[in-house]
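Below is one structure, written out as structure tokens; comments come after it.
A short reminder: the numbers here are calculations on the coordinates, not readings from a lab. Given the structure is predicted, the values throughout are model-derived calculations rather than measurements. Note that we place each Cβ from the backbone using ideal geometry, even for glycine, and neighbour counts take in every protein chain shown.
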Amino acid sequence: MDKNVVWHTHKVTRAERATCKKQKPCLLWFTGLSGSGKSTIANAVDVALYERGYHTFLLDGDNVRHGLNQDLGFSDEDRVENIRRIGEVSKLFTDAGLIVVSAFISPFSSDRRMVRNLFPAGEFIEVFLDTPLEACEERDPKGLYAKARSGEIKEFTGLTSPYEKPERPEIRLDTSSMSVMDCVEIIVGYLQERGLISEPTGQS
Ligand code: ADP
């Protein structure tokens, strides 16, 4: 980095930005196989929090690749850079006081650890959608498993490319045996327990 680039300390602190939103910032990092339900549950959590009056922002894999990361491909180097930028953007949003919800396969532990390390303890919440491969493949909402099986897509996570399961995720959910609303309740409950949002009775 250029030595003339200096870090400016903001006059309005991140704590003040969060306090005026009546919440504590955090990043809910959804990880799991394609079709495990990341987008579905992330969107449902986003809606649930929005309806309770909280300030959130949703970052979704495909959308980020249309804009900020449109220069990146799928090489190992570009995949790491994709996650690094998403981590840094999430960090800026949490500095703004927001609850960030992100949905990326993020198959490698090292990449997820890199993002975790950007955040103060307790602010990075790994939500592992531990849905069995068979269930994901049966759903195949985007037809990607079929394409991978026919060889049209090379290096497909879960089939021809590895998915490294999180060892100690903050939240683990199997969407093949739990409804969307069950998953949302568990995640919102976790945020309440940790004091990141208020308990239902304490809402303003
Ligand atoms: P991902 O973002 O992980 O690729 P998606 O959310 O796009 O996964 O797709 C999951 C698919 O599974 C959707 O078509 C969704 O409607 C379906 N589905 C069925 N039951 C559930 C559930 N309990 N939780 C999440 N998704 C579910």
Checklist outcome for this item: segment 49-93 and segment 135-165 have their Cα centres apart by a whole-number Å value of 22
Item to check | Rounded tilt (10° steps) of 38-51 against the dominant C-alpha axis of the chain | outcome: 30
Next on the checklist: Please give the charge dipole size of segment 1-123, origin at the Cα centre, charges +1 on K and R Cβ atoms and -1 on D and E Cβ atoms. Round to the nearest 20 debye.
Outcome noted: 580
Checklist entry - Around Cys26, which amide H atoms from residues at least 5 apart in sequence, or from another chain, sit under 5 Å from its own amide H, with H modelled in the peptide plane? => result Ile99, Val100
Next on the checklist: Could you compute the net charge surrounding Pro120? Neighbours are other residues with a C-beta less than 12 Å from the C-beta of Pro120; K and R count +1, D and E count -1.
Outcome noted: +2
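Given the convex hull of the Cα atoms of segment 1-60, what is a quarter of its surface area in nm²? Before the final figure, lay out each step's value.
Values: hull surface 26.0 nm².
For segment 1-60, the mean projected area of the Cα convex hull comes to 6.5 nm².
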Checklist entry - Karplus couplings for segment 87-102 from phi (6.51 cos²θ - 1.76 cosθ + 1.60, θ = phi - 60°), rounded to Hz, Gly and Pro as x? => result x, 5, 5, 4, 4, 4, 5, 6, 4, 7, x, 8, 8, 9, 10, 10
Checklist outcome for this item: Taking every C-alpha to C-alpha distance in the chain and binning by 10 Å from 0, the per-bin percentages run 8, 33, 36, 17, 6, 1
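Under a Cβ-Cβ cut-off of 11 Å, what is the net charge of the residues other than Glu88 that fall near it, where Lys and Arg count +1 and Asp and Glu count -1? Walk me through the numbers before you get to the answer.
On the way: positive: Arg84, Arg85, Lys91; negative: Glu81, Asp95.
Residues close to Glu88 contribute a combined charge of +1.
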Item to check | Whole-Hz couplings from phi, Karplus 6.51/-1.76/1.60, listed for segment 78-84; x for Gly and Pro | outcome: 5, 5, 5, 5, 4, 5, 4
Checklist entry - In degrees, nearest 10, range 0 to 90: what is the angle between the Cα axis of helix 180-193 and the longest Cα principal axis of the chain? => result 30
Checklist outcome for this item: Sites removed, the longest contiguous part of the chain containing no DSSP-loop chymotrypsin sites (Phe, Trp or Tyr not before Pro) with at most 14 other Cβ within 10 Å is 75-204
Next on the checklist: Suppose we flag trypsin sites (Lys or Arg not before Pro) only when DSSP calls them loop and at most 12 other Cβ atoms lie within 10 Å. Which is the longest uninterrupted stretch of the chain?
Outcome noted: 12-141
Checklist entry - Convex hull over the alpha-carbon atoms of segment 68-184: what's its volume per residue in Å³? => result 128
